[in-house]
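The values are calculated or read from the model by the stated rules, or taken from the named source; none is laboratory data. Note that the structure is a prediction, hence the values are computed from the model and not measured. Cβ sites come from the backbone with ideal geometry, for glycine too, and all protein chains shown count toward neighbours. Protein only, heavy atoms only, side chains kept; ligands, DNA and RNA dropped before computing areas. Shrake-Rupley method; radii C 1.70, N 1.55, O 1.52, S 1.80 Å.
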Amino acid sequence: MTRATQKRTLQTRARLVAAAEEIIKEDGFEALRVEQVVLRAGTAKGTFFSHFKDKDTLMDLIIGARIDGYLDDLQAMAPPQNVEEFVEAVIPLCEFMTCERYVFDVILRYSGAAGIAEIGPIAATFERSIHVFAGWFERSGFRRDVSSVLLAEGVQAFATQAMALRFCARHGDQPLRQQLEVYMRAWLLPPAVPLHQQ
């Protein structure tokens, strides 16, 4: 591929992403349609599909980039020293991840990968969040009876559960912040009896 062709390809992809971002700002994630994107970007539908397998693949890119922005902010913060500070720090990210049911569904579907070649933007952010949280836990006063990485993995699991409850008919009325605090207290604070003595 020549440099000129490569440059045009990147420019076209950028136009498609920018058009999608504008539509999302106006109508939301789920309402976005491929037809709207190509019309606004001034490209053919086939051009869209030469860049993205489908709408969800485009959403993987856009949502992953937004999660990365939140992780940039978290990485720049001083490590939280108590549960309240931890929840306060992560609540903006969790609120974005649950801003629409469709967004949360895409995040769950793209959070893992069957192979190295399939690791997309959202899956990469899940790995990155483990590193961000583990870095915090190495410099904080939370429990020390498990590794900082395991602590971070548990936080991710409990946060995902708290976010999922937001869409549950039986538990959807519970505030996300409140549910996160319950889970984080149970997981981040040292147990009264060390695990090896239980």
Length-normalised contact order of the range 85-169, Cα under 8 Å, at least 6 apart, in percent, tallies to 25
Could you quote the convex hull projected area for the range 143-191, Cα atoms only and averaged over all directions, in nm²? 3.3
Based on C-alpha coordinates, I'd like the Rg and Dmax of the range 122-170, in Å. 12.5, 38
Stretch residue 33-residue 182 to full length: gain in nm at 0.36 nm per residue minus the Cα-Cα span? 49.8 nm
So which lysines can residue 55 reach, going by Cα to Cα under 18 Å and dropping same-chain residues fewer than 8 places off? 25, 45
How long are the semi-axes of the ellipsoid equivalent to the range 1-73, from square roots of 5 times the Cα gyration tensor eigenvalues, in whole Å, largest first? 21, 17, 10
Residue separation times 0.36 nm, minus the C-alpha to C-alpha distance between residue 68 and residue 26: what's the value? 12.9 nm
Sequence order, the range 132-148: Karplus ³J(HN,Hα) from phi using 6.51 cos²θ - 1.76 cosθ + 1.60, θ = phi - 60°, Hz rounded, Gly and Pro as x, gives 4, 5, 4, x, 4, 5, 6, 10, 10, x, 6, 3, 10, 7, 10, 5, 4
Which of the peptides 138-148, 178-188 is most tightly packed, and how do the rest follow, going by the mean number of other Cβ atoms within 10 Å of each residue? 178-188, 138-148
In Å², rounded to a whole number, the accessible area per residue of the chain with probe 1.4 Å is 55
Contact order normalised by length for the range 11-138, with contacts defined as Cα pairs under 8 Å and 6 or more residues apart; what percent is it? 26
Per the range 69-183, sqrt(5λ) over the Cα gyration tensor eigenvalues, sorted largest first, in Å, gives 22, 19, 13
Can you tally the net charge around residue 51? Count Lys and Arg as +1, Asp and Glu as -1, for every other residue whose Cβ sits under 13 Å from the Cβ of residue 51. +4
Of all C-alpha pairs within the chain, those more than 27 angstrom apart amount in percent to 40
Formal net charge of residues neighbouring residue 179 (Cβ-Cβ distance under 15 Å; K, R +1; D, E -1): -1
